[in-house]
Structures are given as C-alpha cells and as structure tokens.
1. Could you tell me whether segment 168-189 includes any residue that is under 24 Å from residue 49 (Cα atoms), away from ligand 2 (no atom under 16 Å from the Cβ) and part of a loop (DSSP other than H, G, I, E, B)?
2. On the basis of being within 27 Å of residue 399 (Cα to Cα) and touching a residue at least 12 places away in the same chain (Cβ under 8 Å), does residue 273 make the cut?
3. Out of (1) in contact with a helix residue (DSSP H, G or I) (Cβ under 9 Å, 6 or more places away or on another chain); (2) surrounded by 14 or more Cβ atoms within 10 Å (Cβ to Cβ), the odd one out for residue 144 is which?
4. Please go through segment 355-376 and give me each residue that is within 15 Å of ligand 1 (Cβ to nearest atom) and crowded, with 17+ Cβ neighbours inside 10 Å, ordered by number.
5. Got at least one residue in segment 248-269 being crowded, with 17+ Cβ neighbours inside 10 Å, in contact (Cβ under 8 Å) with a residue 40 or more places away in the chain, out of contact with any helix residue (DSSP H, G or I) (no Cβ under 7 Å at 6 or more places or on another chain) and farther than 25 Å from residue 333 by Cα?
6. Quick one: residue 255 ticks every box in (1) farther than 30 Å from residue 54 by Cβ; (2) out of contact with any strand residue (DSSP E or B) (no Cβ under 8 Å at 6 or more places or on another chain) except a single one, so which number is it?
7. Checking the condition within 15 Å of ligand 1 (Cβ to nearest atom) and either farther than 30 Å from residue 3 by Cα or without any contact (Cβ under 8 Å) to a residue 40 or more places away in the chain (or both), which residue from 218, 241, 182, 224 passes?
8. Just the residues that are touching a residue at least 40 places away in the same chain (Cβ under 8 Å), out of contact with any helix residue (DSSP H, G or I) (no Cβ under 6 Å at 6 or more places or on another chain) and within 15 Å of ligand 2 (Cβ to nearest atom), please, taken from segment 362-387.
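The values are calculated or read from the model by the stated rules, or taken from the named source; none is laboratory data. Please read these numbers as outputs of a predicted model, since none were measured by experiment. FYI the Cβ positions are ideal-geometry reconstructions off the backbone, even for glycines, and counts take in every protein chain you see.
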Ligand code: GLY
Ligand code: MN
C-alpha cells in the first residue's frame, strides 16, 4: 500500500474535478467458481484500489464532494469469519491506513445514496462490469441493469482517466517490479522450451513465477505454438522441432500493477531462415516504434508507421507488393498485422478498459478507425508524460483469413497470394515491451529481456 497521503491526494483531486454530488465506488466481492465458498482468485476493483487502496472483498466507498468527506462501507468480521479466515484489523483501522476517517456498515450504503438521490444531488458511478455490483447499483439507483452502462457518469469517467493515465514516480516503481517479474517468467519459459514438452508445462512455469514472486498473473497466459491465434489460451499442444513458441504473459505485483510482455522463440535452439526474417521485421518495427515515443506524438501514427515498416519487410520477402503507402492507407497490411500496436497499462493490463476504451485511448482530435486491424488499436491519442503503454507489433499467417481475403479478391494489388501458399503453417511472431513516456522521450520499463535473434538464440542454447 502507498502512504495514506497518496490516496488522500488522489481523492482530493477527484472531488475537485467533479465539482458537486456523490461518487460511489464499489469494491469487488469474491466470485464463486462452482459454489459460493469455492471462489476465483480475488481481484479488487482497480478504481477502488487507486482511490482507497484496500485489497479485500465486501467494501464500497463514497466520496461526498460537497461535504469534502469520504466514507468506507464495510462489515467487521464475525467470530465465524475469524475462525475460518483469520483475524484482520477493524474497518476503521484499515480506513485509517488510506487516510479515511469515516466508516459505516455496508448495509447503510443504499440509504446513504438514496438520500442523496431524493435530494436531487448528482450521484456519479462508473460502468459496473461484475454482475453483483450491477445488481447493487441497479437496486440503489432504481435503474434496470441494462441501463447502467449508458447512465454511468461521463464526467467521473473522464476525471478518473485523466488522473490514472499519468503514472506517478511511486507507481512507476511498482510497474518496474511488475515488468521484472514478467521478464523472469519469459526467461524461464524460453529456457525451458523444448521439442516434446507440452505448452501446459511451460504455462505452469510462468504462473509459478508470478505467484512465487508475490503477485499473480495480470491476465490469462497466452503461450502457444499457434501464435497466429492472437489470444490463444489453450495449452494442450506438444512442442515440435521447427515450430515457433509465442508467449504473451505477465504478472501483477502484490499492489496489482501489471506487466505485459511478449516474446517469440524457436522450439529448436536456432530460428530457421524464414523465422529469422519475419522475426527481424517485427523486431525492427518494435524497436523503431519505441525509439520514436515522445510526448505530443499520436500513438495512432506510431501504429501506422509500424504497419508501414512491416509492410516494407514483407515486400522484401515477396509477400506484399505495390505502393505500400497506399497498401497501409487501405488496410492491406492487416492481413498480417490485424491488431493494434498497444494499449495503456497500469493497475489493469488494458488500463481502465472498464471505463470505456475510447475514453482512455482516444481524444477529440484522434478518432478510432473503423478499418479492420487499426480498429483494434486501443490507444490512438497523443502521448503525454506519465503514460505507460505497450508496444507490441506482430506478424501472423492466419490461413482462414488468407483464404477469405483471397476468395474475395481483396487487395490483390498489395498481397502476393501465390507466394503466401508456402507460408500457411508459419504461425505468428509478436514482441512486446512496456514503455513510460517521459518529459523528453521514453523509458523502457524493467530489466531487458532477451529480444534480438542473437540474445534469444543464446538463451535457447543454454538448455
Ligand atoms: N496481453 C494481451 C493483450 O494485450 O491483449
Ligand atoms: Mn498487450
């Protein structure tokens, strides 16, 4: 936990930005897996963590902007709770750790909010994403669950995004830790990979490191010989000589700041010539994108520059052709690069996605594209000091997409479909790092994780 003043300062700013009314921030609860007492791993809501820091279920908080007073709602443990789950400080003692003086039992939250609503005071809330909190808000506000998203407070969403987008020095320390744990996961996986091993064994190594280093996974592990399936969470394949292994996994620290790294390595000790060619195109796009990062640059332009660079590499291999400026403008590159270059990262791996991707990643002057591929870009707006984002270009050979585009005669000026016939089983390659935008440029977070062909092959050669 940060010192109480960190949370108090954040709340002061939020109340000031809102101007009047109440702000309701529900915490998360335990989520049953197959019956009530057998729960998924508990993860506190990130807005609650940011403003109130307490990391346990059964809490909610209200900021009263007009009274300049914050209240944490929660219940003391019963003796039965103590017997089964152990003692914990009182709610008031916990609230004091985050600079909050007032606490009330949880069941007083509803009346507290209803009273403000009856007085016609504005009561702000963010879009709920957990079903129990949807029910809580629905009952409290007398609104159908289906209406909660559109009735969430835009002014609150924008105020939270404005604050959480700029990471403080103490947050960067946590994020460096997250990236370093994530890096250790990747090094261990790349060391252990070998023909005959199951993806699941390697995923187990990665998960063990995340837990063993005091944190948890920051998202479901993607670790697959089928890297062309972008979010491939299946781990049942056995690695075979000649294949590639794509790992996209990361840890969050005990304070829940996330890391999100991707590395791709050969199952053998060395890349094949073809793998090396594609790897170097992706790496070049990633390194030059990172080098370009500075305040004021629109991330959409960094994305398009990376697409252009990879298209050039693909042209040199005879897979793309024609006028590449036009190819990228029309979206032909998305056959090979069908996702965005990156996203904000912080307390969430896709930071603040619960608040709405466009509030986080777009602004008045940069609108989200509707074109296949670039439409998936979660961050397009101009960069500002304090933003932390991922840079994650990739090239993929997706047989189903190639077949569809070829059958439709799509982009035949730019794509050499006959050359692609020999690439159908190639798979996919992605490389990803986490980068802080500074006043003057950028800083890659964490200790370097092997990335060049020579570094990856040296690591693979160690086993
Ligand atoms: N790490 C998965 C993603 O960025 O979507
Ligand atoms: Mn990512």
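1. Kept after step one, since they are under 24 Å from residue 49 (Cα atoms), are these residues of segment 168-189: 168-182.
Add one more test, that the residue is away from ligand 2 (no atom under 16 Å from the Cβ), and what stays is 168-174, 176-177, 180.
Then keep just the ones that are part of a loop (DSSP other than H, G, I, E, B); that gives 168.
Yes - at least one qualifying residue is present in segment 168-189.
2. On the way: within 27 Å of residue 399 (Cα to Cα): yes; touching a residue at least 12 places away in the same chain (Cβ under 8 Å): no.
Here the answer is no, as residue 273 does not meet what is asked.
3. (2)
4. Of all residues in segment 355-376, those within 15 Å of ligand 1 (Cβ to nearest atom) come to 357, 360-361, 373, 375-376.
Scanning segment 355-376 gives 357, 360, 361, 373, 376.
5. Yes, the conditions are met somewhere in segment 248-269.
6. Against the list (1) farther than 30 Å from residue 54 by Cβ; (2) out of contact with any strand residue (DSSP E or B) (no Cβ under 8 Å at 6 or more places or on another chain), residue 255 comes up short only on (1).
7. Working: 218 fails: either farther than 30 Å from residue 3 by Cα or without any contact (Cβ under 8 Å) to a residue 40 or more places away in the chain (or both); 241 fails: within 15 Å of ligand 1 (Cβ to nearest atom); 182 fails: either farther than 30 Å from residue 3 by Cα or without any contact (Cβ under 8 Å) to a residue 40 or more places away in the chain (or both).
Result of the check over 218, 241, 182, 224: 224.
8. 387
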